[in-house]
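**Student:** Encoded as structure tokens, here's the structure I'll be asking about.
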Amino acid sequence: MQESGVPYFSQWETPGMTLPVLAAGSQALLSDPLWRHSGAATIEEYAHWAVNVCGMACLKMILAARGEIHPTLELARACTRYGGYVVDEIDASIKRLIYAPFVRFAADRFALDAKTITGLDTSAIPELLSKRRFFIASVHSAIRWPEHEPPSKGGHLVLVTAASDKTIRFHNPSGHDAASQADVTLPLAVFDRFFANRGISVEA
């Protein structure tokens with residue numbers, strides 16, 4: 001497949017932070033020199049949120065494809081006001097992106113036609129993308145190592161930009177190197193091992 005032409009953004013401001021985060025958790029992001037670009041007020045806020053914003057990175061890429069650049073944490077704050085993220089008042093933990101409020105947020109703020117999709121067979125993604133420009137797919141984050149067998153499906157979001165009856169192409173906000181970040185192309189059968197059969201289709 002050809003390159004998508006869709007700008008790539010990591011969920012970290014420094015795209016090479018994935019392996020440090022896997023090794024040390026969000027604390028590793030306290031050393032990200034580019035954290036201010038995120039829109040965070042402090043580096044601590046950045047480190048706390050960045051591990052949760054794969055969905056906002058996907059949205060940022062969709063908006064960038066039409067020429068708009070929005071800081072990732074500004075998107076996350078705005079989405080939280082719609083209920084897309086829920087922050088626990090006791091331990092400040094952040095619940096993963098909730099699709100329905102995100103859909104409302106994307107429509108209200110950016111005039112994006114987004115729809116939640118569940119029960120989607122991997123083989124149906126090519127037809128979906130023949131009608132809709134993007135698909136934010138729920139996959140296991142281990143998809144950065146497609147040769148591995150994931151322990152489960154879902155929990156992480158990637159931006160699918162194209163698919164055929166044999167292959168699929170996507171941007172992964174937490175890829176650990178160039179080959180696993182932008183315009184990753186995998187056989188549909190491999191993608192299926194990680195895909196949770198749900199996500200959000202977007203017509204930008």
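**Student:** Using Cα springs under 10 Å in a Gaussian network model of the chain, which residue among Gly39, Gly67, Gly154 shows the largest mean-square fluctuation?
**Tutor:** Gly67
**Student:** Right, another one. Divide by every residue of the chain the summed helix terms, -39500 (n - 2.57) for each DSSP H run of at least 4, and state the resulting mean residue ellipticity at 222 nm, rounded to the nearest 500 deg cm²/dmol. Working shown, then result.
**Tutor:** On the way: 7 runs with 63 residues, N = 204.
Counting only the DSSP helices, I get -8500 deg cm²/dmol.
**Student:** Could you tell me what percent of the DSSP beta bridges with both partners in the chain are antiparallel, to the nearest 5?
**Tutor:** Working: 25 of 25 bridges.
Once the DSSP bridges in the chain are tallied, antiparallel ones form about 100 percent.
**Student:** Okay, next question. If I take every Cα pair under 8 Å that is 6 or more residues apart in the chain, average their sequence separation and divide by the length, what percent do I get for the relative contact order?
**Tutor:** 23
**Student:** Mind checking which aspartates and glutamates have their C-alpha under 16 Å from Lys166, skipping anything on the same chain fewer than 8 residues away?
**Tutor:** By straight Cα distance, Lys166 reaches Asp121, Glu127, Asp183, Asp192.
**Student:** Related question: Using the basic label-point model (7 angstrom from Cα toward the beta carbon), what is the Ser123 to His148 distance in nanometres?
**Tutor:** 2.9
**Student:** Of all accessible surface on the chain at a 1.4 Å probe, what whole percent is carbon and sulfur?
**Tutor:** Its accessible area is 53 percent carbon and sulfur atoms.
**Student:** Between Glu89 and Ser180, what length comes free when the chain is fully extended (0.36 nm per residue of separation minus the Cα-Cα distance, one decimal in nm)?
**Tutor:** 29.2 nm
**Student:** With θ set to phi - 60° and the Karplus curve 6.51 cos²θ - 1.76 cosθ + 1.60, what are the ³J(HN,Hα) couplings of region 58-72 in order, to the nearest whole Hz, using x for Gly and Pro?
**Tutor:** Taking θ as phi minus 60°, the curve returns 4, 4, 4, 5, 4, 5, 5, 5, 9, x, 10, 10, 10, x, 4 Hz for region 58-72.
**Student:** Can you tell me, using C-alpha contacts under 8 Å and at least 6 residues apart, the relative contact order of region 19-108 as a whole percent?
**Tutor:** It rounds to 20 percent for region 19-108.
**Student:** How far apart, in nm, are two points set 7 Å out from the Cα along the Cα-to-Cβ line at Lys115 and at Arg133?
**Tutor:** 1.7
**Student:** Which is farthest toward the positive dipole end of the chain among Ala65, Ile98, Leu112, measuring Cα position about the Cα centre, with Cβ charges +1 (Lys, Arg) and -1 (Asp, Glu)?
**Tutor:** In the chain, that residue is Leu112.
**Student:** Just the accessible area per residue of the chain, please: how many Å² with a 1.4 Å probe?
**Tutor:** Solvent-accessible surface per residue comes out at 45 Å².
**Student:** Multiplying the sequence separation of Ile98 and Ser31 by 0.36 nm and subtracting their Cα-Cα distance, what value in nm do you get?
**Tutor:** 21.2 nm
**Student:** Right, another one. With only alpha-carbon pairs counted, each pair once and no self-pairs, how large is the Kirkwood hydrodynamic radius of the chain in angstroms? Mind dumping the intermediate values first?
**Tutor:** On the way: mean 1/r = 0.0592 Å⁻¹.
For the chain, the Kirkwood estimate is 16.9 Å.
The values are calculated or read from the model by the stated rules, or taken from the named source; none is laboratory data. Since the model is a prediction, treat every value here as computed from it, not as a measurement. In this analysis, Cβ positions are derived from the backbone assuming ideal geometry, glycine residues included, and neighbour counts consider all displayed protein chains. Side chains included, ligands, DNA and RNA excluded: accessible areas come from the protein's heavy atoms. Shrake-Rupley method; radii C 1.70, N 1.55, O 1.52, S 1.80 Å.
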